[in-house]
1. Wrap a convex hull around the Cα atoms of segment 125-220, take a quarter of its surface area, and give that in square nanometres.
2. Would you grab the residues whose amide H sits under 5 Å from the one on Thr201? Only those 5+ places off in sequence or on another chain, please, with H modelled 1.01 Å from N.
3. What does the charge add up to near Asn106, with Lys and Arg as +1, Asp and Glu as -1, over the other residues with Cβ less than 10 Å from its Cβ?
4. Which lysines, on any chain, are close to Lys18 with Cα under 20 Å apart, when same-chain ones fewer than 8 places away are left out?
5. So what's the net charge close to Gln26: Lys and Arg +1, Asp and Glu -1, counting the other residues with Cβ under 15 Å from its Cβ?
6. Of Lys155/Lys217; Lys124/Lys155; Lys117/Lys189, which sit over 22 Å apart, Cα to Cα?
7. Using a Gaussian network for the chain with springs between C-alpha atoms less than 10 Å apart, which of these wobbles most: Lys213, Lys16, Lys172?
8. Pairs of Cα atoms under 8 Å, at least six residues apart: use those to get the relative contact order of the chain, whole percent.
Amino acid sequence: MKKISYQKMANLVVAKRKEQKLTQAQLAEMTGIHRAMVSRLEALDYIPSIDQLQAVAEALGFEVTDLFEEENPVSYKPVLDKKYNIAVAGTGYVGLSIATLLAQHNHVTAVDIIPEKVELINNKKSPIQDDYIEMYLAEKELNLTATLDGEEAYKNADFVVIAAPTNYDSKKNFFDCSAVEAVIELVLKVNPDATIIIKSTIPVGYTASVRAKYNTKNIIFSPELTKYTHVIFSNVIKHLIPSM
Ligand SMILES: NC(=O)c1ccc[n+]([C@@H]2O[C@H](COP(=O)([O-])OP(=O)(O)OC[C@H]3O[C@@H](n4cnc5c(N)ncnc54)[C@H](O)[C@@H]3O)[C@@H](O)[C@H]2O)c1
């Protein structure tokens, strides 16, 4: 559909008025529009009435129809505009809820080191007790495969979400991030271009340290949600992945 382009109107009025060596005051006098309004019209700060526009067009010698333009269809490009290959490392509460949700719209491979978990997920059964995950696995059409073969899963991934365990030893005041790091190393070995998103709990400064250690900018941290199971799940539903 064609619509008046007010940008075109402002540009044309300024160009024609200057071409004819008219001041804004003179144009105002010729059209009966207040001079301040002529100024605002040229600054795209005032939309004239049809009669005023007609008067300006006649004074400056153009057709109102010159201002019509085919309206550009508004193209909202969703950020996630394609199906991604996503690998999720770790199928505990965190990893499996994320994998389940993302598998509605993407190809997701869930990686774990425990064969029983992998088998259960591939049989659409949840290895953990969680009503939502159980229901989603059983009832939703998910593009989700589980595997023990991290290398294969990471090789083809656009994103790798790390939800491997990190244990804090309060006696030694030490965060054991070895499982996270094992995944990082494997991803960097087979697919250094993948974006690695750490969901695991990690100490302050850890992301910067691994980015420096492995000389990559592709590692980012997604901050903690509040709690496990339903709270995580409903948070994800409400705030992070609206297109449920
Ligand atoms: N970001 C958040 O919102 C959030 C919220 C709660 C917990 N967490 C953190 O997320 C992490 C995971 O929590 P969880 O409760 O799901 O843990 P979990 O222990 O229930 O599950 C971790 C899974 O990772 C698997 N795993 C271990 N090493 C692996 C490897 N190298 N590759 C692939 N899989 C591997 C384990 O077998 C296990 O199934 C923890 O660090 C936890 O503190 C994050």
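1. Working: hull surface 30.6 nm².
With every direction weighted equally, the projected area is 7.6 nm².
2. Close amide H contacts, sequence-distant or interchain: Thr166.
3. Numbers: positive: Lys82, Lys83; negative: Asp158.
Here the count lands on +1.
4. Within the straight-line limit of under 20 Å, Lys18 reaches these lysines: Lys8.
5. Details: positive: Lys16, Arg17, Lys18, Lys21, Arg35; negative: Glu19, Glu29, Glu42, Glu58.
Value of the local net charge: +1.
6. On the way: Lys155/Lys217 18 Å; Lys124/Lys155 24 Å; Lys117/Lys189 25 Å.
Check vs 22 Å cut-off fails for Lys124/Lys155; Lys117/Lys189.
7. Greatest mean-square fluctuation among the candidates belongs to Lys16.
8. Details: 348 pairs, mean separation 36.0, N = 244.
In percent, rounded to a whole number, it is 15.
Quick note: the coordinates plus some simple rules give every number you see, no bench work behind them. This structure is a prediction, so every number in the text was calculated from the model and none was measured. Here Cβ is always computed from backbone atoms with ideal geometry, including for glycine, and neighbour counts include all displayed protein chains.
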